[in-house]
Amino acid sequence: MNGDKVKIATVWLDGCSGCHMSLLDMDERLLELAGKIELVYSPLVDAKEFPENVDVTLVEGAVATEEDVHKIRRIRSRTKTLVSLGDCAVTANVPSMRNSCSLKSVFDVAYTRDVLNPQVPVEGVPPLLARVRPVHEVVEVDVYVPGCPPSADTIHYVLSELVEGRRPELAEHTRFGI
């Protein structure tokens, strides 16, 4: 990465936003990084279109919809270093619990059980994939950061290393030692 500010993006796919909460839990360390980075895309800012030439993208969540597939492929094509952040991105974790069920049963439970007007919506619900997938099953991932969510300390370490142009060694920074 060059002498300019490192362009950082964060993305939230199918997950709970806990990884973004851990990112914010870095507190004053965010200010330390602020002088070295430019946050170009995130649910934390108002950017509408994922930009070109992003240095580092942190991806939270699993790939669960056709929209997620399209989104992560576009992000990968525009990102130098892609980071799977948290267990949902790394393993598909909680979102993948629906993998043992048929899509019909998922929709039946969500939209037709114990409701006054039982019907599956035809608008506003993105087409679900038959199977929820971790990010690396759809695109190449450069760095894996496990945890549910990863600690603020781990995220700070990963970002600090990447901003300095180094690959983070996570063995001592996660409880899994990977």
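The values are calculated or read from the model by the stated rules, or taken from the named source; none is laboratory data. From a predicted model like this one, the values you see are computed outputs, not experimental measurements. Cβ sites come from the backbone with ideal geometry, for glycine too, and all protein chains shown count toward neighbours. To get the accessible areas, we keep the full protein, side chains included, count just its heavy atoms, and leave off ligands, DNA and RNA. Shrake-Rupley method; radii C 1.70, N 1.55, O 1.52, S 1.80 Å.
List of remarks:
- Checking each residue in region 84-117 for being closer than 23 Å to PRO150 by Cβ, in contact with a Pro (Cβ under 9 Å, 6 or more places away or on another chain) and not charged (D, E, K, R) picks out SER84, LEU85, GLY86, CYS88, ALA89, VAL90, THR91, ALA92, ASN93, SER96.
- Considering region 72-178, the qualifying helices (runs of 4 or more DSSP H), each wholly inside and each with 3 or more residues that are modelled with pLDDT under 95 and of a type outside the set (Gly, Ala, Ser), run over 103-111.
- Pairs linking a residue in region 56-78 that is under 11 Å from LEU129 (Cα atoms) to a residue that is surrounded by fewer than 20 Cβ atoms within 10 Å (Cβ to Cβ) and at pLDDT below 95, with Cβ atoms under 7 Å and 6 or more positions apart or on different chains, are ALA64/LEU128; THR65/PRO126; THR65/PRO127; THR65/LEU128; GLU66/PRO126; GLU66/PRO127; GLU67/PRO126.
- Any hit, region 6-23, residues being more than 18 Å from the chain's Cα centre (by Cα) and farther than 30 Å from SER102 by Cα: yes
- Every residue from region 53-71 that is open to solvent by 70 Å² or more (accessible area, probe 1.4 Å) and either assigned to a strand (DSSP E or B) or of a type in the set (S, T, N, Q) (or both): ASN53
- Beta carbons closer than 7 Å, at least 6 apart along the sequence or on distinct chains, pair a first residue in region 35-54 that is farther than 18 Å from GLU67 by Cα and in contact (Cβ under 8 Å) with a residue 24 or more places away in the chain with a second that is in a loop (DSSP other than H, G, I, E, B) and among the basic types (Lys, Arg) for LYS36/LYS5; ILE37/LYS5; GLU38/LYS5; GLU52/ARG78; ASN53/ARG78; VAL54/ARG78.
- Across region 1-52, the number of residues qualifying as open to solvent by 40 Å² or more (accessible area, probe 1.4 Å) and closer than 16 Å to SER84 by Cβ comes to 3.
- With respect to the conditions (1) within 30 Å of GLY165 (Cα to Cα); (2) open to solvent by less than 70 Å² (accessible area, probe 1.4 Å), ARG74 falls short on a single one, namely (2).
- Evaluation of GLU32 against (1) outside any loop (DSSP other than H, G, I, E, B); (2) touching a Leu at 6+ places or on another chain (Cβ under 8 Å) (one fails), failing number: (2)
- Selection within region 27-52 - modelled with pLDDT of 95 or more and either among the aromatic types (Phe, Trp, Tyr) or under 21 Å from VAL90 (Cα atoms) (or both): TYR41, SER42, PHE50
- Yes/no for ARG133 being within 20 Å of CYS16 (Cβ to Cβ) and open to solvent by 50 Å² or more (accessible area, probe 1.4 Å): yes
- Test for LEU85: is it surrounded by fewer than 19 Cβ atoms within 10 Å (Cβ to Cβ), touching a strand residue (DSSP E or B) at 6+ places or on another chain (Cβ under 8 Å) and either among the β-branched types (Val, Ile, Thr) or closer than 26 Å to ASP4 by Cβ (or both): no
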